[in-house]
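Sharing a structure here in structure tokens format.
The values are calculated or read from the model by the stated rules, or taken from the named source; none is laboratory data. Owing to the predicted nature of the structure, the values given are computational and were not obtained by experimental measurement. Note that we place each Cβ from the backbone using ideal geometry, even for glycine, and neighbour counts take in every protein chain shown.
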Amino acid sequence: MSELRVEGDALRARFWLENAPPPKPWFQLYLEGVSAGAWTEKAIRVYAGPGNVIVDPKAFRLGFDGHNMATSFAGFDFANGLSLVQNSDAIPDRLEVTPEARVYSLVTPHPQTLEFYPAANVFAAVKRLRENDIRVASKGVAKLAGRFTFDLWSGLYAQSAADLERAAEYGIADALVVWHRWQRWGYDYRLPDIYPPNPEYGTLEEFRQLVAACRRHGTLFAPHDNYIDFYPDFEGFGYDSIVFRQNGSPYKAWFNYGREAQSYRARPDRLMPYVERNLRLIKDGFAPTAYFIDVWSSASPYDYWTSDGSFVDRSATQRVWGGAFAWIRDFLGGDAPQISEAGHDKLIGWLDGADAQQLRVDLEAKEFTWKIQCADSERIPWIDAAWHDKFILHGAGYEGRYQGGLDRAGHGEYSDDYLSTEVLSGRPAMVPQAFNRDVVRVHWLLNDAMRALALDRIASVEFAGGDIHRQHVKWESGADVWVNRGAGAWTVEGHTLPRYGFYVRAGKVEAAVELNGGRRVEWSRSPARRYENDRLTADGKVMELPRP
């Protein structure tokens, strides 16, 4: 069945099944995919994901997950000058683009409403979608917003505690630590058995001191957990704890090459006993102030079959994952922020935030990229244009994934390329070490500006002169951000921005990477701090930061 109606500023099309036959073992009748038909015009630009605009693309499919589509809406600029945003209230499978057939559409299974928002530009349409969204931000959002992020994948517990203490001496306290490798049997192995901390990196007491060092300075501490991959050697493994394919075979998940261990996709409705067991051990053991669960906002909530042939649709998975985040936040207390990987938008209202995995478009690269052939592309503030005040994304991606095969010096987490992408969306900076010179300079350069934009909302995004590589972002508070990701210099408001340069003005807070006398400089100013660095001293050596 279907129903088409115009409501206010959108066209809404509702689809559902009636009089379906009753389910049988290994059989369920449901809508497998609903999409819009062909348009009368060709789309010259497509907008999607954590944030990419794609110019004149060839045919492609982009699956719904935190690394790819990420948003349940996509935008299109058509050749006749009209722009449109299409949104699904259900969980999509993918975005499908076939220019030869003029097909540009989400493809979504199960009962759903598709919404179409026409506008003069796609960002105006995103604002209208945002105003119609009735979800309320989850309780940890305000506590997480604006926090500088240490995303730590290695280190001994005691040495890292000392490094974080030193970082606090330099003023880095309004922060979040995500600690990834600590699980008792090693990373991604024997899950969901994870407690106590792995003795390879130190003692339990040293781990407690690491958490205490964060707590002492008001820094949130989030250990890494995982409930999407179950390994056959965990205590309590059985076929009733994993999901199946429709052909009756167990659903294989991550293969741990280092341990030669095959995991299986966890059955959502059997998760909570393991979550509750682990969280009681963890709270009693070291009492974290935040929590990171891997994959749940990277992978799409999935349909699945049980060992007895029953079908469960993805909305049930969504509710279980969201409910687990809400339970953990309440169990830990203090509105402990809940964080995950990558960050699709179908857990808003339960999940507080995620590390943003904003991949670039590159057909030829072998690494993490969108493999799409197109005339041009650029990173843009897309997911944040809708949900910046409801869902806190930090950073722009794990370093190797962001680089996508490019060099670390020019495109890693301390590069101007990476910093400019964070600035575009007003996201807190993310760094991969607990302390070094770059950690301090990135904090001094960006933290006050990104804190000023925390919980603000994007008012508009403009491509200066129609150039997608020169972007001006206006915020509802009155803040302005200019970012130049193009090859040539761009002068705005008296500031000359080189490639990956930016200028932020948010009330009394300013920050920039710009050209001064032909040399690249970085600086920030706020009521609390003044920082300047011309990157090089007169003899060409790297400047040393002063002691605080």
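Regarding residue 365, is this residue of a type outside the set (Ser, Thr, Tyr), in contact with a Phe, Trp or Tyr (Cβ under 9 Å, 6 or more places away or on another chain) and in contact (Cβ under 8 Å) with a residue 40 or more places away in the chain?
It is false that residue 365 is of a type outside the set (Ser, Thr, Tyr), in contact with a Phe, Trp or Tyr (Cβ under 9 Å, 6 or more places away or on another chain) and in contact (Cβ under 8 Å) with a residue 40 or more places away in the chain.
Scan the stretch 391-447 residue by residue and report those that are polar (S, T, N, Q) and closer than 28 Å to residue 136 by Cα.
421, 425, 447
Something else: What do you reckon, is residue 254 closer than 30 Å to residue 210 by Cβ, within 24 Å of the chain's Cα centre (by Cα) and at pLDDT 95 or above? Quick ask: steps written out before the conclusion?
Working: closer than 30 Å to residue 210 by Cβ: yes; within 24 Å of the chain's Cα centre (by Cα): yes; at pLDDT 95 or above: no.
For residue 254, the condition - closer than 30 Å to residue 210 by Cβ, within 24 Å of the chain's Cα centre (by Cα) and at pLDDT 95 or above - is not met.
Find the residue count for the stretch 319-346, including only residues that are of a type in the set (A, V, I, L, M), farther than 17 Å from residue 178 by Cβ and either in contact with a helix residue (DSSP H, G or I) (Cβ under 8 Å, 6 or more places away or on another chain) or surrounded by 22 or more Cβ atoms within 10 Å (Cβ to Cβ) (or both).
2
Here is a further query. If I filter the stretch 33-44 down to residues being in contact with a strand residue (DSSP E or B) (Cβ under 6 Å, 6 or more places away or on another chain) and not aliphatic (A, V, I, L, M), which single residue comes out as surrounded by the fewest Cβ atoms within 10 Å (Cβ to Cβ)? Even if it seems obvious, please write down each step before you answer.
Let us first name the residues in the stretch 33-44 that are in contact with a strand residue (DSSP E or B) (Cβ under 6 Å, 6 or more places away or on another chain), namely 33-36, 38, 41, 43-44.
Those still in the list that are not aliphatic (A, V, I, L, M) too: 33, 35, 41.
Details: 33: 13, 35: 18, 41: 16.
Here the residue is 33.
Grab the strands (runs of 3 or more DSSP E) fully contained in the stretch 76-127, keeping just those with 1 or more residues being crowded, with 19+ Cβ neighbours inside 10 Å and acidic (Asp, Glu).
Here the list reads 94-98, 112-119.
How about the stretch 35-65: which of its residues are within 17 Å of residue 108 (Cβ to Cβ) and under 19 Å from the mean Cα position of the chain (by Cα)?
48, 49, 62, 63, 64, 65, listed by residue number.
Going by the conditions given, is residue 47 surrounded by 13 or more Cβ atoms within 10 Å (Cβ to Cβ), farther than 21 Å from residue 125 by Cβ, aromatic (Phe, Trp, Tyr) and modelled with pLDDT of 95 or more?
It is false that residue 47 is surrounded by 13 or more Cβ atoms within 10 Å (Cβ to Cβ), farther than 21 Å from residue 125 by Cβ, aromatic (Phe, Trp, Tyr) and modelled with pLDDT of 95 or more.
Among the residues of the stretch 24-39, is any outside any loop (DSSP other than H, G, I, E, B) and touching a Pro at 6+ places or on another chain (Cβ under 7 Å)?
No, that holds for no residue.
Among the residues in the stretch 402-423, are any in contact (Cβ under 8 Å) with a residue 60 or more places away in the chain, among the aliphatic types (A, V, I, L, M), in a loop (DSSP other than H, G, I, E, B) and surrounded by fewer than 21 Cβ atoms within 10 Å (Cβ to Cβ)?
No: zero hits.
Give the residues of the stretch 304-318 that are within 17 Å of residue 72 (Cα to Cα) and in contact with a Ser or Thr (Cβ under 8 Å, 6 or more places away or on another chain), sorted by residue number.
Passing the criteria: only 314.
One residue is enough: does the stretch 16-25 have a residue meeting the conditions under 21 Å from residue 61 (Cβ atoms) and either out of contact with any Cys (no Cβ under 7 Å at 6 or more places or on another chain) or hydroxyl-bearing (Ser, Thr, Tyr) (or both)?
No, that holds for no residue.
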